[in-house]
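Student: Before we start, here is the structure in question, set down as structure tokens.
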Amino acid sequence: MIAIRNYRIYDIGREIDIDLLERDLAITHPTVRTRFLRVKPKSIMIEDPPLILKMDPARLNIDGAEIEFTVIARIYVIGAISLCFVYEDPGGAPGQLMQTALSFAGQEGLVEAFDSYIRRLEETLAPHVRMHRIDREFFEDYTIYVTDRLDDALDPAILLIGEQTEISAQMREEITRNTLSYTPHDLAMLSWDAALFCNPEYPVDLIDLVEFANVQVLELRYYDREMSRQMEKMYDDIEQADRLWRFRKMRQYHGIMATQMEMYAEISEITERVNNLIKVTEDIYYARVYATALRVLRSNLWSESVDRKIEVVQENYSMLSDEVRIQHSYFLEWIIIILIALEFGLAIWRSFE
């Protein structure tokens, strides 16, 4: 048995009411929720399991051969869509996995198909979900290779880098270093943009865990980019406000501060939901696979980047707040001075009556 699962994960910019979407789509599409099959129900906790939508199969000509892919979409409550092209051969040998994988390594030959299917999915969801136009240039791509056994015809390092070349021992060790096993007969080998699972049984749960990790990374990348855009706009707004007359400047500062607090609250809430998209608790092996996937995908770097930008927003809010408070104090001081002057003027005027 061999399988190749090619993923592209996109963001639609808004959270999704999965329950409502499931009810709406169930009328015209067969739908099901993601669930883990080989662990205790309490071992993996998902507050809102993603909705699975099976799409029409794709038949593509790759290197002169027609290959049929099963196409599966998963829709996540946090506003992510995972599109997966699955090639499976129940009787395939590891050597065939190697040959087929290299024929469309790096998802070569699948780009137009992904664009076509994400467009169809966009049309399917549009009547039911508030969403912005999906940016087809911004996505997280990942490939998972599956085989029921290993043999000499399959070189894991070559498979994971997708390039038939001679690899140094040092590089080979680097590529294959994140390898985990539960029994002597299985392994999970994770790398930056691909993974290899060798298991006598189809490791659907482990595959789903790696997909969840990729979804989290995509969302962190997306909100890191959005924070950068919002911060650039914030600096431009502050620069424009500084050119205004004092009272108008204070009004602009109040507006900027309100926007900052809204952005801070929204991003903080969303990133919290992203980081808690799934919790692996009791199953030690699943927890290790999931944690390794997040580490290999460098989830912590994106999370730290978002956190730093949130801190910058807080600092800017504090600086603007201090500036507004100081200007307000100056204004009150002038009011007091004017009132005192009026009091003196009134007293002098009365003395001449």
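We did not get these values from a lab; they are worked out from the coordinates using the rules stated. Note that the structure is predicted; figures quoted are calculated from it, not measured. Neighbour counts are summed over all protein chains in view; Cβ atoms, including those assigned to glycine, are modelled from backbone coordinates with ideal geometry.
Student: Of the residues LEU339, LEU160, LEU187, which exhibits the maximal mean-square fluctuation in a Gaussian network model of the chain defined by a 10 Å Cα contact cut-off?
Tutor: In the Gaussian network model the winner is LEU339.
Student: Further, regarding this structure: Only Cα pairs under 8 Å and at least 6 apart count here; give the relative contact order of the chain as a rounded whole percent.
Tutor: Taking the mean separation of contacting Cα pairs over the length of the chain, I get 20 percent.
Student: Something else about it: For the chain, modelled as a GNM with alpha-carbon contacts under 10 angstrom, which of TYR235, TYR222, TYR286 fluctuates the most?
Tutor: TYR235
Student: Return a whole-number percent for the relative contact order of region 2-211, with Cα pairs under 8 Å and 6 or more residues apart as the contact set.
Tutor: 25
Student: Here is a follow-up. Find the Cα radius of gyration of region 2-211, compare it with 2.2 N^0.38 Å by division, and give the number to two decimals.
Tutor: The reported ratio for this selection is 1.06.
Student: Scanning the chain for trypsin sites (Lys or Arg not before Pro) in DSSP loops with at most 14 other Cβ atoms within 10 Å, what's the longest stretch left with none?
Tutor: It works out to 43-129.
Student: Right, another one. Using 0.36 nm per residue of separation minus the Cα-Cα distance, give me the extension gain between MET231 and ASP115 in nm, one decimal.
Tutor: 38.7 nm
Student: Eigenvalues of the Cα gyration tensor times 5, then square-rooted: what semi-axes does that give for the chain, in whole angstrom, largest first?
Tutor: One finds semi-axes of 56, 22, 19 Å for the chain.
Student: Something else: Quick one: ILE338, ILE72, ILE4, fewest Cβ neighbours within 10 Å first, how do they rank?
Tutor: Ordered from fewest to most neighbouring Cβ atoms within 10 Å, ILE338, ILE72, ILE4 come out as ILE338, ILE72, ILE4.
Student: Something else now. Just to be sure I understand the curve: with the Debye formula and one point per C-alpha of region 63-156, what is log10 I(q)/I(0) at q = 0.11, 0.18 Å⁻¹?
Tutor: -0.42, -0.92
Student: Over all directions, the average projected area of the alpha-carbon convex hull for region 4-107 comes to how many nm²?
Tutor: Averaged projected area of region 4-107's Cα convex hull equals 8.7 nm².
Student: Something else: Tell me what the chain gives for mean residue ellipticity at 222 nm when only DSSP H runs of n ≥ 4 count, each as -39,500 (n - 2.57), the sum divided by the residue total, rounded to 500 deg cm²/dmol.
Tutor: -17500 deg cm²/dmol
Student: If the elastic network links every pair of Cα atoms under 10 Å, which of ASP236, ASP24, ASP186 fluctuates the most in the Gaussian network model of the chain?
Tutor: Of ASP236, ASP24, ASP186, the Gaussian network model singles out ASP236 as fluctuating most.
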